[in-house]
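The values are calculated or read from the model by the stated rules, or taken from the named source; none is laboratory data. This one's a predicted model, so the numbers in the text were calculated from it and none came from an experiment. Neighbour counts are summed over all protein chains in view; Cβ atoms, including those assigned to glycine, are modelled from backbone coordinates with ideal geometry.
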Amino acid sequence: MISVLVCSADTDLLSNLKLNIAKTIGTEYEIISYDNRFERKGICTVYNWLAQQAKFDILCFIHEDVKIHTRNWGAILKKILDDEEIGLVGISGAVYKSAYPSTWSACSRDLYRTNSIQHFKNKPEPQLSSVNPDQLLYSEVAVIDGVFMATRKSVWEKNIFDSANLKGFHGYDIDFSLQVGLQYKLVVSFEILLEHFSEGNLTKAWLNDSLQVHRKWRKRLPLKVLPVSRAEQRRSDYLSCRSFLVNAMRLNASKYLVFKYFMILFYCFMTLNGLKHSKSVFKYLLS
């Protein structure tokens, strides 16, 4: 019924995940993993290769550093994906995606839809993140986080991961979400609780992949799937632009790129940002 697909970089984490899935999935399944410790192939390439081998109709792309707490979550996935209008299921996402090239989570938290337990390096205890304002079993979103993405094999066959343009480990989830979203609804399930033991790692490679994805989808972004007020949209655009600027400086991006997004922040979001980051930007540009 479900093919669980894993791009693996840690054999211990993979072993723990296999035990967890065996105890919780509650339905017929297979796990197909690829040991990517040595070749370090791009995740789009690995996911496409794994999906080709899958024998079941439901594909579940999942990170190995997770634990699923919900019993019989396989039946929950099947019930959702039995709806032909739905093409992708996750456990975290947002109802709005800005055109600015930052992560899906760089928006107002009110626009999140999530049901997860997240571990952070700078916090002693994991944080339960549950944002379900309408108290639904699942909610439509614009983009889905890549930690857990489930779809039908027939949907993937028409929307394979973009291994030609995304050769690393970033941006694939936003790109796949936007591609599938052209024909299907994307939803976050609130019935499946997943614990994620690590944070996303924003590197120079992430910066480049994020720019690539947002250039590719510039005609479709910004995107919202539920009513979002103009004020909420503006604040989320501000948060996304600011996040990208801060990360660009942290990752030693080109001075042109830093200057470009600082000017956008200055001219478009002065009422929200004021003169924040001015000193650090000028120091960066003059260094």
Do any residues in the range 54-68 that are free of Cβ contacts under 8 Å to residues at least 60 places away in the same chain have Cβ atoms under 9 Å from those of residues that are surrounded by fewer than 23 Cβ atoms within 10 Å (Cβ to Cβ) and of a type in the set (Asp, Glu), where the two are at least six apart or on different chains, and which pairs are they? 55/30; 64/10
Selection count where residues are surrounded by fewer than 24 Cβ atoms within 10 Å (Cβ to Cβ), over 13 Å from the mean Cα position of the chain (by Cα) and not hydrophobic (A, V, I, L, M, F, W, C), scope the range 94-109: 2
Please verify whether residue 262 is without any contact (Cβ under 8 Å) to a residue 24 or more places away in the chain, surrounded by 20 or more Cβ atoms within 10 Å (Cβ to Cβ) and over 28 Å from residue 161 (Cα atoms), treating the condition exactly as stated. yes
For the range 141-159: of the residues being in a loop (DSSP other than H, G, I, E, B) and closer than 22 Å to residue 108 by Cβ, which is nearest to the chain's Cα centre (by Cα)? 145
Options 209, 173, 134, 162; residue that is among the acidic types (Asp, Glu), surrounded by fewer than 21 Cβ atoms within 10 Å (Cβ to Cβ) and either touching a helix residue (DSSP H, G or I) at 6+ places or on another chain (Cβ under 8 Å) or in a helix (DSSP H, G or I) (or both): 162
Residues located in the range 112-138, provided they are free of Cβ contacts under 8 Å to residues at least 60 places away in the same chain and in contact with a strand residue (DSSP E or B) (Cβ under 8 Å, 6 or more places away or on another chain): 112, 127, 128, 129, 131, 132, 137, 138
What are the residues in the range 228-263 that are under 24 Å from the mean Cα position of the chain (by Cα) and part of a loop (DSSP other than H, G, I, E, B), if any? 228, 229, 251, 252, 253
Name the residue that is surrounded by the most Cβ atoms within 10 Å (Cβ to Cβ), counting only residues in the range 29-59 that are within 15 Å of residue 153 (Cβ to Cβ) and among the charged types (D, E, K, R). 57
Take the residues of the range 181-206 that are of a type in the set (Gly, Ala, Ser) and within 23 Å of residue 131 (Cα to Cα): which is surrounded by the most Cβ atoms within 10 Å (Cβ to Cβ)? 189
Would the range 184-196 turn up any residue that is in a helix (DSSP H, G or I), out of contact with any helix residue (DSSP H, G or I) (no Cβ under 8 Å at 6 or more places or on another chain), touching a residue at least 60 places away in the same chain (Cβ under 8 Å) and not acidic (Asp, Glu)? no
Looking at the range 42-63, can you tell me whether even one residue there is among the hydroxyl-bearing types (Ser, Thr, Tyr), within 14 Å of residue 3 (Cβ to Cβ) and part of a loop (DSSP other than H, G, I, E, B)? no
Count - residues of the range 45-77 that are more than 29 Å from residue 126 (Cα to Cα) and not aliphatic (A, V, I, L, M): 8
With 205, 248, 253, 231 as the choices, which residue is within 27 Å of residue 62 (Cα to Cα), without any contact (Cβ under 8 Å) to a residue 60 or more places away in the chain and aliphatic (A, V, I, L, M)? 205
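Residue-by-condition table, conditions (1) modelled with pLDDT of 95 or more; (2) in contact with a Ser or Thr (Cβ under 8 Å, 6 or more places away or on another chain); (3) among the polar types (S, T, N, Q):
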site	(1), (2), (3)
177	yes, no, yes
194	yes, yes, no
206	yes, no, no
215	yes, no, no
239	yes, yes, no
245	yes, no, no
248	yes, no, no
271	no, no, yes
275	no, no, no
So which residues in the range 18-63 are closer than 22 Å to residue 198 by Cβ, of a type in the set (Ser, Thr, Tyr) and over 19 Å from the mean Cα position of the chain (by Cα)? 24, 33, 34
